[in-house]
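Since the structure comes first, as structure tokens, the remarks are kept for the end.
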2 protein chains.
Amino acid sequence: MAARTLSTLDAYKEFVDSYDNFLFDCDGVIWEGDHVIGKAGDTLQYLRKLGKRIFFVTNNATRSRASNKGKFDKMGIDCDVDEIFTSAYASAAYLKTVLHFPADKKVYVIGEKGIEDELDAVGIKHSGGTDPDDNVFIDLMDFSSITADPEVGCVLCGLDMHINYKKIAKGFRYLRENEGCIFMATNLDSTFPTHGTVYPGGGATTAPLACCFGKDPLVVGKPEAPMLESIVQTNPATDPSHQLDKKRTVMVGDRLDTDIKFGVQGGIDTLMVLTGVNTRQDFEKAGAVAVPTYVVDGLGDLAVLASQ
Amino acid sequence: MAARTLSTLDAYKEFVDSYDNFLFDCDGVIWEGDHVIGKAGDTLQYLRKLGKRIFFVTNNATRSRASNKGKFDKMGIDCDVDEIFTSAYASAAYLKTVLHFPADKKVYVIGEKGIEDELDAVGIKHSGGTDPDDNVFIDLMDFSSITADPEVGCVLCGLDMHINYKKIAKGFRYLRENEGCIFMATNLDSTFPTHGTVYPGGGATTAPLACCFGKDPLVVGKPEAPMLESIVQTNPATDPSHQLDKKRTVMVGDRLDTDIKFGVQGGIDTLMVLTGVNTRQDFEKAGAVAVPTYVVDGLGDLAVLASQ
């Protein structure tokens, strides 16, 4: 089905009335680099005034939710820590709430502090990650430090700028030796944009383990389903009255292969903004990776509703 | 076509008479760990006495040919350095002889000293590899050291126990920015066997770059063709009288997915021995990865010819 373009007051209003829960990608939607895009901030404020629930959904797993909130504060955008869903948080929440990860097991982390912080927050034990013992180079063919650890029940990979052979070999050993050990990745983004260029992403630092283990990980981040499930499932655990109704939930994003595909695969409606990576042509062409439910020039366009 | 089993004196003799050039995998064929398998050494001696040309073909790219020769010496098996083809040597030879790699360009190495030694041997400049500057961890999101280098004309990956984000990001930058930059891998073995278990192999340490770059490398080692081409092509360069006739060349190995597939893809006959990884069932079953021309219980079985 073709995307419906939102460009009139009536269309904006009907759109806003159709949903209670708004999921937002940030880069290319709310901000670009260190400035807010148009009146995106005003639109968010308006939605809050209407009592809508807001979630910020990012694949960035290197920083904790608290650290992410710092960026919102700097931008002058209202945000509660509980509204931020990073792929690190979603991984921890998914392990805890959906997979009921056993309390006597631990997660071996190939990734940055953001993942460790989120595991701590839900009370899941972990090893690897930023542990200095695992952030070293081993000598050629010296496998003496690649020891067994039957306590590891999950190997969780994300973007890791301290990726090294010891971590890969340990993760490989746990996956092979520990029965039922879960192979999980925060996200498989092959690259991520920064400083006006792109660098190897979480997919690249997950790839070595996927290669030697010969299996693909369970992926939590966009566009995969667990991220959405963790948003939907996390709330009932603490606050049953706020369980999300997918029919009243919409994902807002600028990328077809992550944001829009995330919504489509998860069975929720999507709004594409044209202030980021993809263009109208990208979803109008044959074989488009995903087609949004709605498209609008920019998130700030909806801010006009506030003055009605 | 079914494999022909060699089990009689006549069959052994006909086999030996059919070829001038014998290519041998080592692990599981000539030795296992640190002992020679059966009378494999005697068979090699016999072939030498007949004036056959012998080559040892291994995907191990971490050590130079000279360092590999040390293992042969320790085992008491005659061997000339020029007879040893590692995937590191073959990569250097292929760059030099087949691809005519420009003298003013250099190779960025994601791998061990074996690769550097072989590039040195053919006079190809290189960076990365064991350079201490590239064997460090960068701080999170600190890309200041990932600088351009237009001189890099090839990124060559192999097993690297010092794999790190800086190397991956530099390799990625060269491949993206340098026109015609070749993406090459010594081999894509996902694991390698040692100490009675398996560890992540050259494929695992090549995977991050393949993931972020979004393309597969040109693979030199078994089972790919460049390794064989480098054996066939290297000799005419220095000694035209010894150009190898593929019809008179046979590959001897224990693994279907590397050794036997290597021969099949390269258009030479193959002899499979049953003293290593694969069994007769593995190639007799439907959908076998490769089927050898001949099969024999062990390489040492042919040694009986010496006493005739």
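The values are calculated or read from the model by the stated rules, or taken from the named source; none is laboratory data. Everything numeric here is computed off the predicted structure, so don't read it as measured data. Glycine also receives a Cβ, built like all others from the backbone with ideal geometry; neighbour counts cover every protein chain displayed.
Elements of the type strands (runs of 3 or more DSSP E) sitting completely within segment A:99-176 and holding at least 1 residues that are within 14 Å of chain B (Cβ to nearest Cβ), within 22 Å of residue B:209 (Cα to Cα) and out of contact with any His (no Cβ under 6 Å at 6 or more places or on another chain): these cover A:106-110, A:152-157.
With the requirement that a residue be in a loop (DSSP other than H, G, I, E, B) and facing chain B (nearest Cβ under 10 Å), what does segment A:188-198 give you?
A:188, A:189, A:190, A:195 - these are the residues of segment A:188-198 that are in a loop (DSSP other than H, G, I, E, B) and facing chain B (nearest Cβ under 10 Å).
In segment B:53-79, the residue that is farthest from residue B:189 (Cα to Cα) out of those that are in contact with a Gly (Cβ under 8 Å, 6 or more places away or on another chain) and in a helix (DSSP H, G or I) is B:75.
Kindly provide the set of residues from segment B:199-222 that are more than 8 Å from chain A (Cβ to nearest Cβ) and assigned to a strand (DSSP E or B), ordered by number. If the condition is that a residue be more than 8 Å from chain A (Cβ to nearest Cβ) and assigned to a strand (DSSP E or B), then B:218, B:219 are the ones that fit. The criterion of being surrounded by fewer than 20 Cβ atoms within 10 Å (Cβ to Cβ) and either within 14 Å of chain B (Cβ to nearest Cβ) or assigned to a helix (DSSP H, G or I) (or both) holds for residue A:82.
Of all residues assigned to segment A:235-247, none qualifies as being of a type in the set (Ser, Thr, Tyr) and surrounded by 23 or more Cβ atoms within 10 Å (Cβ to Cβ). Checked against (1) aliphatic (A, V, I, L, M); (2) out of contact with any Lys or Arg (no Cβ under 9 Å at 6 or more places or on another chain); (3) within 14 Å of chain A (Cβ to nearest Cβ), residue B:88 passes all but condition (2). Report whether or not residue A:208 is under 30 Å from residue B:133 (Cα atoms) and either crowded, with 19+ Cβ neighbours inside 10 Å or without any contact (Cβ under 8 Å) to a residue 24 or more places away in the chain (or both). When the stated conditions are applied, residue A:208 passes them. Looking across segment B:177-187, the residues that are in a loop (DSSP other than H, G, I, E, B) and surrounded by fewer than 24 Cβ atoms within 10 Å (Cβ to Cβ) come down to B:178, B:179, B:180, B:181.
Consider segment B:113-164 and keep the residues that are farther than 30 Å from residue A:61 by Cβ and of a type in the set (S, T, N, Q). The one that is surrounded by the fewest Cβ atoms within 10 Å (Cβ to Cβ) is B:130. When the residues of segment B:20-51 are filtered to those that are in a loop (DSSP other than H, G, I, E, B), under 21 Å from the mean Cα position of the chain (by Cα) and not hydrophobic (A, V, I, L, M, F, W, C), the one that is nearest to residue B:268 (Cα to Cα) is B:20. From the list B:277, B:291, B:295, exactly one residue is closer than 20 Å to residue B:35 by Cβ, in the same structural domain as residue B:1 (by the TED database), in contact (Cβ under 8 Å) with a residue 40 or more places away in the chain and not basic (Lys, Arg). Which is it? Result of the check over B:277, B:291, B:295: B:277.
Just to be sure before I move on: is residue A:110 under 21 Å from residue A:185 (Cβ atoms), in contact (Cβ under 8 Å) with a residue 12 or more places away in the chain, in contact with a Cys (Cβ under 7 Å, 6 or more places away or on another chain) and buried (at least 23 other Cβ atoms within 10 Å of the Cβ) in the structure I sent?
yes
Condition (residue is polar (S, T, N, Q), touching a residue at least 12 places away in the same chain (Cβ under 8 Å) and crowded, with 18+ Cβ neighbours inside 10 Å) applied to segment B:17-27: is it met by at least one residue? Checking segment B:17-27: at least one residue is polar (S, T, N, Q), touching a residue at least 12 places away in the same chain (Cβ under 8 Å) and crowded, with 18+ Cβ neighbours inside 10 Å.
Only one of these conditions is not met by residue A:74: (1) within 14 Å of another protein chain (Cβ to nearest Cβ); (2) touching a residue at least 12 places away in the same chain (Cβ under 8 Å). Which number is it? Single failed check for residue A:74: (1).
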